[in-house]
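To start, the structure under review is shown below, and the notes come after it.
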Amino acid sequence: MKLFDGGRAPNPRRVRVFLAEKGIEVPQVPIDMGALEHRKQAVSSRNPLQRLPVLELDDGTVITESVAICRYFEELHPEPALFGRGALGKAQVEMWQRRMEFNLLNCVAQAFRHIHPAMKEWEIPQIPEWGEANKPKAVQFLRLLDGELGSREFIAGDSYSIADITGLIAVDFMKPARIKVPDECANVLRWHQAVSSRPSASA
């Protein structure tokens, strides 16, 4: 088994944080995305979309997409449960995971990919107006999230989950995307400080 890893990019980091929370070690194959190595044979032969991370199992089976990889390891190592417990708990984690992905991480990623000069060779065509349009969407969702976090410690309930991992990655990614968490979002700032202090956050 080996994990083709993309360093500081959000989705590879999401898997590393998840594995760290589980205490799982997987041999990694570092891929320099800055040098566009993810477009070369080692990755493209395993994932035609040329995206990372990519997990290759011992028998050669390939799993791509960060959440799919995390789900695979959740089934193999169910504790600690990062996708929720029971029918309701799992549904709540799924709900908030999708909300964090679609309403925050995706908006931040679109802002970064369509505005940052370093992404000109990645995002073709690069549309700065679309990048700018996504910034207020991310901020608007953070204000909604702030209200939710006023009544609980973590995003999907009382336990840390993949929704918190996605949120952590998204908020950290706001810095290079040049988006700021509003000062009035005290609950989001409290939550972010707490999840950032977990040992897994440095994975």
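Of all residues in segment 53-100, which are in contact with an Asp or Glu (Cβ under 9 Å, 6 or more places away or on another chain) and at positive phi? G84, the sole residue that qualifies. When Q126 is tested against (1) farther than 30 Å from A81 by Cβ; (2) crowded, with 19+ Cβ neighbours inside 10 Å; (3) polar (S, T, N, Q), just one condition goes unmet, and that condition is (2). Taking each residue of segment 90-108 that is over 27 Å from P176 (Cβ atoms) and looking for partners that are of a type in the set (S, T, N, Q) with beta-carbon atoms closer than 6 Å, six or more apart or interchain, yields V93/S161. Within segment 4-13, can you find the residues that are closer than 13 Å to L55 by Cβ and assigned to a helix (DSSP H, G or I)? Of everything in segment 4-13, those that are closer than 13 Å to L55 by Cβ and assigned to a helix (DSSP H, G or I) turn out to be N11, P12. Applying the selection to segment 140-155, what residues are part of a helix (DSSP H, G or I) and within 17 Å of the chain's Cα centre (by Cα)? Listed by number, the residues that qualify are F141, L142, L145. Is one or more of the residues making up segment 24-46 assigned to a loop (DSSP other than H, G, I, E, B), open to solvent by 20 Å² or more (accessible area, probe 1.4 Å) and touching a Ser or Thr at 6+ places or on another chain (Cβ under 8 Å)? Scanning segment 24-46 turns up at least one residue that is assigned to a loop (DSSP other than H, G, I, E, B), open to solvent by 20 Å² or more (accessible area, probe 1.4 Å) and touching a Ser or Thr at 6+ places or on another chain (Cβ under 8 Å).
Residue by residue, here is whether (1) on the phi > 0 side of the Ramachandran plot; (2) in contact with a helix residue (DSSP H, G or I) (Cβ under 6 Å, 6 or more places away or on another chain); (3) of a type in the set (D, E, K, R) holds:
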site	(1), (2), (3)
A118	no, no, no
W122	no, no, no
W130	no, yes, no
V139	no, no, no
L144	no, no, no
G150	no, yes, no
T166	no, yes, no
K180	no, no, yes
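Filter segment 156-179 for residues that are in contact (Cβ under 8 Å) with a residue 12 or more places away in the chain and in a loop (DSSP other than H, G, I, E, B) and give the result. If the condition is that a residue be in contact (Cβ under 8 Å) with a residue 12 or more places away in the chain and in a loop (DSSP other than H, G, I, E, B), then A156, S159, Y160, S161, R178, I179 are the ones that fit. Selection over segment 155-192 of residues that are open to solvent by 10 Å² or more (accessible area, probe 1.4 Å) and closer than 19 Å to V15 by Cα gives a count of 7.
The values are calculated or read from the model by the stated rules, or taken from the named source; none is laboratory data. The model shown is predicted, which means the values in this text are computed figures rather than measured ones. Here Cβ is always computed from backbone atoms with ideal geometry, including for glycine, and neighbour counts include all displayed protein chains. Surface accessibility is based on the protein's heavy atoms, side chains included, excluding ligands, DNA and RNA. Shrake-Rupley method; radii C 1.70, N 1.55, O 1.52, S 1.80 Å.
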